[in-house]
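Reviewing the structure listed below.
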Amino acid sequence: MALNIISTKQFDRESIHKIFSHTDAIINWTYDPCTVARGKIMATLFYEPSTRTRLSFESAMLRLGGNVISTENAKDFSSAIKGETLEDTIRVVGEYADVIVLRHPESDAAEKASKVSRVPLINAGTGDGEHPSQALLDFYTIKAELGRTDNLRISLVGDLRYGRTIHSLIHLLRLYDGIEIQLVSPLDLTLPKELGNVLSGIKVETTSDFNDVAKFAPNVVYMTRLQTERMSLDNRVPPYILDKRQMEKLPKDCIVMHPLPRRIELPSEVDSDPRVACFRQARNGLFVRMGILVGMWR
Ligand code: NCD
């Protein structure tokens with residue numbers, strides 16, 4: 001597998017499980033990972049806001065004994081404001097760092113950047129395209145919580161059109177057996193056609209009615225927020241709200257995931273329900289990102 005992580009399309013089962021075994025080794029402390037990245041530098045270049053992705057990548061690098069250089073608001077605080085192209089910035093930053101983690105509003109930015117980067121480049125979320133490290137941590141969470149990666153019924157709920165975490169997760173799910181997917185979205189926010197094609201051969205049910213989620217009896221309910229920054233209607237109200245009343249209808253042994261940040265689609269009144277896994281998911285983000293980096297250097 002190439003060292004760059006651009007899209008989850010590039011993974012097969014073996015490469016996913018390699019990252020997961022590094023992750024398990026870190027969680028179980030089967031060796032001391034504190035020197036894996038000694039002497040190495042990560043550059044985090046974020047042209048869009050982020051809390052979890054940037055800080056967990058940076059924390060992962062520091063915990064592996066490496067160092068971090070960062071521009072958290074690269075749109076305003078890098079030479080982009082002076083008109084420098086992304087390619088020029090990447091060429092230069094690649095001289096200063098051993099790995100680049102890039103978030104950018106354009107969906108093809110990571111691919112473009114990887115072509116000129118002399119060091120491995122990790123896509124940390126690009127436009128309405130992909131967010132591969134999030135999908136890896138999501139899938140790791142499913143495996144950790146449910147104890148399996150095959151025979152899963154998964155409801156993907158909300159903004160399937162612009163939600164890049166969903167797009168990346170779909171490429172991983174299609175690699176496994178016995179996967180059944182329910183796509184739940186308003187009619188104008190359905191999954192992009194190309195991704196629908198990726199799912200050919202998999203059992204897929206499509207609906208815009210949130211009541212169908214409980215009927216589907218899912219093992220995983222993956223909620224997403226409306227990506228209002230990518231829509232003209234930025235005050236649009238979330239179409240589906242998984243509140244206490246709706247939680248009661250869901251299977252007792254399912255898990256509820258959300259990449260965060262959440263809005264009212266997953267109100268905090270459900271946080272005490274043990275099925276709500278979104279903060280465990282965020283915690284796994286640190287370890288899976290450590291696993292990704294260990295895979296590069298160990
Ligand atoms: C996601 C993203 O940036 O795509 N957030 C994250 O990285 N955890 C989801 C979102 O912003 O809705």
Number of positions in segment 193-212 that are modelled with pLDDT of 95 or more, of a type outside the set (Ser, Thr, Tyr) and more than 17 Å from Leu169 (Cβ to Cβ)
4
Being away from the ligand (no atom under 16 Å from the Cβ) and crowded, with 18+ Cβ neighbours inside 10 Å: is that true of Ile6 here?
no
The residue from Thr44, Thr35, Thr126 that alone is of a type in the set (Val, Ile, Thr), more than 27 Å from Pro192 (Cα to Cα) and in contact with a helix residue (DSSP H, G or I) (Cβ under 7 Å, 6 or more places away or on another chain) is Thr44
Being closer than 20 Å to Glu14 by Cα and assigned to a helix (DSSP H, G or I) narrows it down to one residue among Leu175, Leu137; which is it?
Leu137
Just need a number here: residues in segment 105-143 that are in contact (Cβ under 8 Å) with a residue 60 or more places away in the chain, in contact with a Lys or Arg (Cβ under 8 Å, 6 or more places away or on another chain) and open to solvent by 40 Å² or more (accessible area, probe 1.4 Å).
1
Filter pass, His167 being part of a helix (DSSP H, G or I), within 16 Å of the ligand (Cβ to nearest atom) and surrounded by fewer than 23 Cβ atoms within 10 Å (Cβ to Cβ)
no
Subset tally (residues that are closer than 12 Å to Leu64 by Cα and within 24 Å of the chain's Cα centre (by Cα)) for segment 24-50:
6
Just to check your reading of the model, which residue among Arg225, Arg262, Arg275 is touching a residue at least 40 places away in the same chain (Cβ under 8 Å) and closer than 30 Å to Ser59 by Cβ?
Arg225
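The values are calculated or read from the model by the stated rules, or taken from the named source; none is laboratory data. Predicted, not measured: the structure shown is a model, and the values here were computed from it. Reconstructed Cβ throughout: ideal geometry from the backbone, glycine too, with neighbour counts over all protein chains shown. Side chains are part of the model used for accessible areas, which takes the heavy atoms of the whole protein and leaves out ligands, DNA and RNA. Shrake-Rupley method; radii C 1.70, N 1.55, O 1.52, S 1.80 Å.
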